[in-house]
Amino acid sequence: MDPPRIYVQRTLALIKPDAFDKREEIEDIILKSGFIVLQRRKLQLSPEQCSDFYADQYGKIFFPNLTAFMSSGPIIALTLARENAIAHWKTLIGPVLSNKTRETHPECLRAKYGTSELQNALHGSESFRAAEREIKFIFPNSVIEPFPSKGATEEYLSKHVNPTLLRGLTELCKHKPLNPCVTFGPNPSISHISQICLYF
């Protein structure tokens, strides 16, 4: 049986202007829902920045109102991480608020904090690509690196870590020193191994 796979993702969450006063309460719910906050930023977007951020909505009838609303006050931007973060965050915030949302998803955050389809309190990335783009937009200095695959990880361990472990443990077995840290001090790889062995 294969071991369970844990896929850690990042997603962007925005606490919109209409829910800004409830930010501490919302952030507490986020943490209690198993998310880790990697980055946090308070900011106010200009209408132009909102237009760029919501470029995929350009041309839709609500676009001018959306950019006006999102630039009307401060927001909180959060980079969230956890297993399947995008799906979990979308589930937690719920669908875009409509008249039926409070009936169909009464526990979701948009039902609790939103007041209309436009002023729906929270934003969540729709997809992996959207999350990457949005995180880079809000946090331009962030480095978004892909998590290594199982094959790449095994190759790195086999090529770089295992040989060092083998050399260090072989030397320990040969010499059996009373104080490995002192005996093998000048050799960094062996010294590190000996410290690990002493720890266990």
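The values are calculated or read from the model by the stated rules, or taken from the named source; none is laboratory data. Given the structure is predicted, the values throughout are model-derived calculations rather than measurements. Reconstructed Cβ throughout: ideal geometry from the backbone, glycine too, with neighbour counts over all protein chains shown.
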Checklist entry - Would you say Ser51 is of a type in the set (Gly, Ala, Ser), at pLDDT 95 or above and closer than 20 Å to Pro140 by Cα? => result yes
Checklist outcome for this item: Checked the range 71-106 for anything among the basic types (Lys, Arg) and modelled with pLDDT of 95 or more; matches are Lys90
Checklist entry - What is the residue count in the range 58-85 for residues that are surrounded by 13 or more Cβ atoms within 10 Å (Cβ to Cβ) and free of Cβ contacts under 8 Å to residues at least 24 places away in the same chain? => result 2
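Identify the residue in the range 107-134 that is hydroxyl-bearing (Ser, Thr, Tyr) and at pLDDT below 95 and, among all such residues, is surrounded by the most Cβ atoms within 10 Å (Cβ to Cβ). I'd like the intermediate steps shown before the answer.
Taking the range 107-134 as the starting set, the residues that turn out to be hydroxyl-bearing (Ser, Thr, Tyr) are 113, 115-116, 125, 127.
Among the residues that remain, those that are also at pLDDT below 95 are: 113, 115-116, 127.
Details: Tyr113: 22, Thr115: 12, Ser116: 13, Ser127: 11.
Once the filter is applied, the top-ranked residue is Tyr113.
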Next on the checklist: Looking at Glu145, Glu171 in this structure, which one is at pLDDT below 70, out of contact with any Cys (no Cβ under 7 Å at 6 or more places or on another chain) and not assigned by TED's automatic domain parsing to the domain that holds Leu14?
Outcome noted: Glu145
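Can you pull out the strands (runs of 3 or more DSSP E) entirely within the range 1-104 that have at least 2 residues that are over 20 Å from Ser127 (Cβ atoms)?
Values: elements: 8-15, 36-43, 75-83.
The qualifying strands (runs of 3 or more DSSP E) are 36-43, 75-83.
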Checklist entry - How many residues does the range 68-123 hold that are farther than 17 Å from Phe53 by Cβ and among the polar types (S, T, N, Q)? => result 8
